[in-house]
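Here is the structure we will look at.
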Amino acid sequence: MKVLVPVKRVIDYNVKVRVKADGSGVDLANVKMSMNPFDEIAVEEAIRLKEAGKADEIVVVSIGVKQAQETLRTALAMGADRAILVVAADDVHTDIEPLAVAKILAKVVEEEQPGLVLAGKQAIDNDMNATGQMLSALLGWSQGTFASELDIDGDNAVVTREVDGGLQTIKVKMPAIVTVDLRLNEPRYASLPNIMKAKKKPLDEKTADDYGVDVSPRLEIISTTEPAARAAGIIVGSVDELVGKLKEAGAV
Amino acid sequence: MAVLLLAEVTDGALALDATAKAVTAAAKLGDVTVLAAGASAAAAGEEAAKIAGVAKVLVAEDASLGHRLAEPTAALIASLASDYEHIVAPATTDAKNVLPRVAALLDVMVISDVSGVVDGNTFERPIYAGNAVQTVKSNDAKKVISFRTSTFDAAGDGGSASVETISAAENPGLSEWVEDKVAASDRPELTSAGVVVSGGRGVGSEEDFKLIEGLADKLGAAVGASRAAVDSGYAPNDWQVGQTGKVVAPELYVAIGISGAIQHLAGMKDSKIIVAINKDEEAPIFQVADYGLVADLFDAVPELMEKL
Ligand SMILES: Cc1cc2nc3c(=O)[nH]c(=O)nc-3n(C[C@H](O)[C@H](O)[C@H](O)COP(=O)(O)OP(=O)(O)OC[C@H]3O[C@@H](n4cnc5c(N)ncnc54)[C@H](O)[C@@H]3O)c2cc1C
Ligand SMILES: Nc1ncnc2c1ncn2[C@@H]1O[C@H](COP(=O)(O)O)[C@@H](O)[C@H]1O
């Protein structure tokens with residue numbers, strides 16, 4: 001079985017985001033970028049499936065600016081076999097919407113015929129949590145979202161999902177789209193020899209036009225602003241003082 | 001203009017708070033029709049009909065709609081879509097599972113986690129873990145939206161909407177339910193509680209998390225946790241507050257042994273009063289706290305319980 005893993009290049013989760021003063025967006029110039037943390041988990045899961053003999057090839061794909069190459073190389077260094085870069089924007093500030101990403105991925109799926117797509121549950125930049133579900137709809141495939149456990153068994157996959165009430169386990173027909181949550185696994189680091197080897201692994205470059213997908217946005221961004229700041233608080237000296245303040249404020 | 005709102009129905013019961021908050025947001029867009037779908041959903045539909053501002057309720061009962069599987073639920077909503085300009089739901093995990101699928105079936109973008117309605121096409125939503133707020137204008141003919149419940153007040157009762165029964169769409173038969181693992185609790189529900197007491201990695205163990213739960217019970221609060229506390233097995237996954245967990249905005253949020261990573265702040269920084277107890281005075285949680293106490297939690301929490 002071939003596994004396809006879409007990986008997104010996003011601002012590193014440790015970076016403090018700065019909103020541009022003119023309201024035009026978030027400053028991404030000279031900012032550390034990394035693979036979306038959920039996608040690292042998806043890549044790791046694909047590698048574990050391969051190690052367990054349940055997958056034979058892992059193809060990673062990224063859609064966006066040319067620099068997403070680095071993200072793909074990271075996935076290759078972790079253990080993916082092959083990469084596809086779909087260049088769909090020139091400016092690092094242009095985010096391709098989940099619907100357009102899903103349409104491109106649907107074309108890649110048509111071409112590659114994977115038995116499983118493992119995506120992240122959410123990109124930590126736009127926080128949309130949508131692409132996997134959308135791809136699943138476009139392909140008419142089953143979906144298992146927010147997975148914290150995944151067990152592939154022939155024609156079916158058993159997916160345990162993190163939901164508001166706790167955990168839900170479902171059985172989905174293969175081929176399936178599974179989106180991964182944080183507790184599915186702990187991704188490995190790429191070793192130096194593997195980083196060197198990854199440089200020789202195949203990385204195909206395509207454009208959105210090659211797939212005939214229109215990536216123009218459906219959502220026009222009117223403005224991007226800082227959230228309302230909280231008024232400064234105080235440090236209390238003791239539990240007594242804390243209780244006093246809370247009573248004063250009518251909070252307890 | 002008409003709005004179709006997917007009610008939050010779990011095992012036949014309406015999640016009133018989440019649904020009523022979404023009604024408040026949806027009412028800004030037009031006449032609200034609530035869809036109650038499930039293996040059993042009639043009682044939930046009757047309850048939704050009493051929410052003020054609901055014009056009509058559709059009840060779809062079918063075995064395929066039990067357990068909130070995405071494919072049959074999305075197929076049903078897509079089959080109803082022609083009558084509505086907006087298709088909305090509270091931003092629960094169920095809705096986040098279903099709505100993007102609906103949007104793609106309709107060839108429109110989904111607008112997730114909306115925190116503000118500017119007009120029928122224009123919405124505000126937090127991005128980058130709430131470090132920025134984006135205003136977006138949709139150019140799609142239909143708008144598919146999930147509403148962040150923590151920013152809208154629940155609509156009251158006193159409604160008397162008409163209730164109509166409809167049939168399910170054809171089940172694509174792609175997935176089936178196996179089991180739910182849901183812990184029953186007498187505590188208030190996390191996203192609707194007036195007080196939330198959360199513990200982090202600093203609590204140190206599952207046994208010591210009882211301390212956090214004890215304080216919560218004393219305050220009649222819901223219990224929350226940081227990702228680190230959940231990952232370490234001190235607390236179940238559905239207690240996680242943050243960018244990828246639940247978003248809460250109670251009157252009082254007490255963060256204990258939590259450092260205050262941006263991903264955690266994303267889920268609680270709109271709380272009215274924030275209290276932080278942490279032994280590290282440099283912890284970033286103090287930057288959002290109204291009242292900070294630099295102390296060892298194992299001293300401070302028992303003392304707090306005694307003095308409250
Ligand atoms: C993609 C992604 C998504 C994430 N989503 C979430 C999310 O939704 N929610 C979330 O919470 N996190 C999330 N995180 C994790 C987040 O980045 C932090 O790692 C996490 O919030 C840290 O949890 P913590 O504060 O409990 O632990 P730590 O950062 O380890 O902090 C523990 C704190 O406890 C204090 N402490 C220790 N002992 C004591 C004591 N005896 N008395 C008092 N204080 C004590 C320490 O001083 C320290 O400040 C996410 C991360 C990523 C990458
Ligand atoms: N531009 C992209 N390139 C590759 N994968 C993406 C892209 N955007 C989203 N994805 C995938 O879809 C998941 C969910 O993203 P989102 O729907 O934007 O929150 C991510 O974790 C990735 O697996």
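FYI, it's all coordinate maths here, none of it is from the lab. Quick caveat, the model's predicted, so the values are computed rather than measured. Because the Cβ atoms are built from the backbone with ideal geometry, glycine has one as well, and the counts that use them run over all protein chains shown.
Taking the Cα atoms only, what angle lies between the long axis of helix B:297-307 and the longest principal axis of chain B, rounded to 10 degrees? Long axis of B:297-307 versus the principal axis of chain B: about 80 degrees. Against chain B, whose longest principal axis is taken from its Cα atoms, helix B:70-80 shows a tilt of about 40°. Taking trypsin sites (Lys or Arg not before Pro) across the range A:157-252, the ones in a DSSP loop with at most 10 further Cβ atoms lying within 10 angstrom of their Cβ are A:K199, A:K200. Taking GluC sites (Glu not before Pro) across the range B:167-261, the ones in a DSSP loop with at most 13 further Cβ atoms lying within 10 angstrom of their Cβ are B:E170, B:E206, B:E207. Looking at the protein assembly as shown alone, DSSP beta bridges between its own residues are antiparallel in about 35 percent of cases.
Of all the Cα-Cα pairs you can form in the range B:195-307, what percent are over 19 Å apart? When every Cα pair of the range B:195-307 is considered, 33 percent fall beyond 19 Å.
Volume per residue for the range A:192-252 equals 311 cubic angstrom (convex hull of Cα atoms). Couplings 3J(HN,Hα) for the range B:211-228, derived from phi with the Karplus relation 6.51 cos²θ - 1.76 cosθ + 1.60 (θ = phi - 60°), are 4, 5, 5, x, 5, 4, 5, 4, 9, x, 9, 7, 9, x, 8, 7, 4, 4 Hz, where x marks Gly and Pro. In chain B, Cα pairs under 8 Å separated by at least six residues give a relative contact order of 15 percent.
Model label sites at B:D107 and B:K218, defined 7 Å from Cα along the beta-carbon direction, differ in position by 6.1 nm. Compactness of the protein assembly as shown was expressed as the Cα radius of gyration divided by 2.2 N^0.38 Å, which yields 0.95. In this structure, B:D231 and B:S185 have a Cβ-Cβ separation that, at R0 = 25 Å, corresponds to a calculated FRET efficiency of about 0.75. If R0 is taken as 45 Å, the Cβ-Cβ distance between B:A63 and A:E220 corresponds to a FRET efficiency of 0.60. Inter-chain Cβ neighbour count for B:178-191, averaged per residue, equals 3 (cutoff 10 Å, partner chain atoms only). Taking the range B:210-308, which trypsin sites (Lys or Arg not before Pro) meet the DSSP loop condition and have no more than 13 other C-beta atoms within 10 Å? Taking the range B:210-308 and a limit of 13 other Cβ atoms within 10 Å, the loop trypsin sites (Lys or Arg not before Pro) found are B:K272. Each Lys or Arg adds one and each Asp or Glu takes one away; over the other residues whose Cβ falls under 13 Å from the Cβ of B:K210, this sums to -4.
Round to the nearest 10 and give me the degree value, 0 to 90, for the angle of helix A:37-51's Cα axis relative to the longest principal axis of chain A. Taking the Cα atoms of chain A, the angle to A:37-51 is about 40 degrees.
Here the simple spin-label model places points 7 Å from the Cα toward Cβ, and for B:A2 and A:I234 these points are separated by 5.6 nm.
What the pair-distance distribution of chain A shows, using all Cα-Cα distances binned every 5 Å from zero, is 1, 6, 12, 16, 17, 14, 11, 8, 5, 4, 3, 3, 1, 0 percent. For the residue pairs A:K171/B:K142; A:K121/B:K50; B:K142/B:K269; A:K8/B:K210; A:K16/A:K121, the C-alpha atoms sit more than 30 angstrom apart in A:K171/B:K142; A:K121/B:K50; B:K142/B:K269; A:K8/B:K210.
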